[in-house]
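Undergrad: First, the structure itself, so that you have it in front of you.
The values are calculated or read from the model by the stated rules, or taken from the named source; none is laboratory data. What you see is a predicted model, and the numbers here were worked out from it, not measured in a lab. Cβ placement follows ideal geometry from the backbone for every residue including glycine, while neighbour counts extend to all protein chains displayed. Areas reflect the complete protein model, heavy atoms only, side chains present, ligands, DNA and RNA absent. Shrake-Rupley method; radii C 1.70, N 1.55, O 1.52, S 1.80 Å.
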Amino acid sequence: MKAPDLTARQLRAFAALAEQRNFTRAAQLCHLSQPAFSALIRTLESALGTRLFDRDTRSVQLTPEGRLFEGAAQRLLDDMRGAVADLADHVERRKGRVRVAALPSLAAGWLPAVFAEFMAAWPGIRIDLDDALSDACIARVRSGDADFALASSGTGTAAASDLRSRRLCSDRFHLVCRADHPLAAETRLSARKIAPYPFIQMARHSSVRQSLDGALHPLRLNAVFEVEHLATVMGLVEAGLGISVVPALTLFHFRRESLVTRPLPVPGLTRTVYLVQRREGSLSVAAQTLHDLIVARLGKLVLP
């Protein structure tokens, strides 16, 4: 037997009559005229193929089938009310969840202040942050494990047919070296002037390395270390083991009295940061709100 298509109005009418045991009072609770209410009960009984109420001029009572249906009807109404209330909480941003993937330089340096602002405004929304290199960030968006990502130009995000990419900023590169290094006082920096010195490279799959290799080719740097993390770059440079070149958004790692950071004017040496999401489908209300806040705040960011 095919299950009948029941409506919320029918279930509410049934529950009201089961509680009131009186057509007039039940109709008033449902804001219906008594004839319209009686017709609604008849269509429900017709859809279910059985009488739910015994009625006469003096009383209304549930039939055995009506008593059997009463608990199920109440659970359906409770589930419906719960679903509507939960949806309203998400729409009004009283609750929700946003999953963000971001470059470590953004996740550690600039994003925390934006997250703090967002969570102060909407404390019921949870943010899941995955700090990863660009390729991994994009993979999380594609797999649905992230609502959106802040990634760089080294991944080809702008041309990907399955992704929607919004350019946020261009990140210029800076030399980092010890304050007592010869390049710290060099009047005019260039790629050729930094090439002879021991150099701390980032890993080949990082956006920093991809941007640097693309802009300096065919010039070869005197790499002595190749590392995964900017904190490691900082430690090695501070120990006098080499110099490095890093984007402006990462300079917070190098704010030490023993170190110097200087812009490196090399044509084409920039890292574009994109906000990336899947082309198909909409963001949730919570995710769209955080997305828009990031766009607004990064749009006002002044890079050194």
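Undergrad: Which value does Rg/Rh take for segment 87-135 over its C-alpha atoms, Rh per Kirkwood?
TA: That ratio is 1.05, to two decimals.
Undergrad: Right, another one. Assuming 0.36 nm per residue, please report the length gained on full extension of the stretch His31 to Arg204 beyond their Cα-Cα distance.
TA: Stretched out fully, the His31 to Arg204 stretch lengthens by 55.3 nm.
Undergrad: Looking only at segment 128-245, where both bridge partners belong to it, what percent of the DSSP beta bridges are antiparallel (to the nearest 5)?
TA: 25
Undergrad: Still on this structure: At 1.4 Å probe size, with no ligands or nucleic acids counted, give the accessible surface of Met202 in Å², nearest ten.
TA: Number for this one is 10 Å².
Undergrad: A further question on this structure: [x] 1.00; [y] 1.32; [z] 0.93: which one is Rg/Rh (Cα atoms, Kirkwood Rh) as calculated from this entry?
TA: Correct label, based on the coordinates given: [y].
Undergrad: Length gain on complete extension for the stretch Thr57 to His90, per 0.36 nm per residue less the alpha carbon to alpha carbon distance?
TA: 7.1 nm
Undergrad: Label point 7 Å out from Arg256 along Cα-to-Cβ: which residues of segment 174-215 have amide N under 20 Å?
TA: It comes to 174-185, 197-203, nothing else.
Undergrad: Which peptide among 143-149, 28-34 comes first, and what is the full order, when sorted by highest mean count of other Cβ atoms within 10 Å?
TA: Numbers: 143-149: 19.4, 28-34: 13.9.
Ranked from most to least packed, the peptides come out as 143-149, 28-34.
Undergrad: Using R₀ = 30 Å, calculate the FRET efficiency as 1/(1 + (r/R₀)^6) where r is the Cβ-Cβ separation of Ala113 and Ser143; round to 0.05.
TA: 0.60
Undergrad: Further question on the same structure: In the chain, what percentage of the DSSP-assigned beta bridges are antiparallel, given to the nearest 5? Please report the intermediate quantities before stating the final value.
TA: Values: 25 of 41 bridges.
Percent antiparallel among DSSP bridges in the chain is about 60.
Undergrad: Normalise the Debye intensity by I(0) for segment 1-65, one equal point scatterer per Cα, no solvent, then take log10 at q = 0.20 Å⁻¹ and round to two decimals.
TA: At q = 0.20 Å⁻¹ the computed log10 ratios are -0.74.
Undergrad: When ranked by the protection proxy of mean other Cβ atoms within 10 Å per residue, highest first, what sequence do the peptides 280-287, 166-173 form?
TA: Listed from highest to lowest mean packing, they are 166-173, 280-287.
Undergrad: Go through Arg21, Arg12 and list them by solvent-accessible area, largest first, probe radius 1.4 Å.
TA: Largest accessible area first, the residues go Arg12, Arg21.
Undergrad: Net charge around Gln277, counting only other residues with Cβ within less than 9 Å of its Cβ (Lys, Arg = +1; Asp, Glu = -1)?
TA: +3
Undergrad: Turning to a different aspect of this structure: Ignoring everything but the protein chains, give the 1.4 Å probe accessible area of Glu238 in square angstrom, nearest 10.
TA: The value for Glu238 is about 60 Å².
Undergrad: Val246: net charge of surrounding residues, Cβ under 12 Å, Lys/Arg +1, Asp/Glu -1, itself excluded?
TA: After counting each charged neighbour, the total is +3.
Undergrad: Follow-up. Grab the DSSP H runs of the chain that are 4 residues or longer, score each as -39,500 (n - 2.57), total them, divide by all residues and round the 222 nm result to the nearest 500 deg cm²/dmol.
TA: Computed ellipticity for the chain at 222 nm equals -13000 deg cm²/dmol.
Undergrad: Could you work out what % of the accessible surface of the chain is carbon and sulfur, using a 1.4 angstrom probe and leaving DNA, RNA and ligands out of the count?
TA: 52
Undergrad: Which whole number of Å³ per residue matches the convex hull of the alpha-carbon atoms in segment 1-133?
TA: It comes to 149 Å³ per residue, whole-number rounded.
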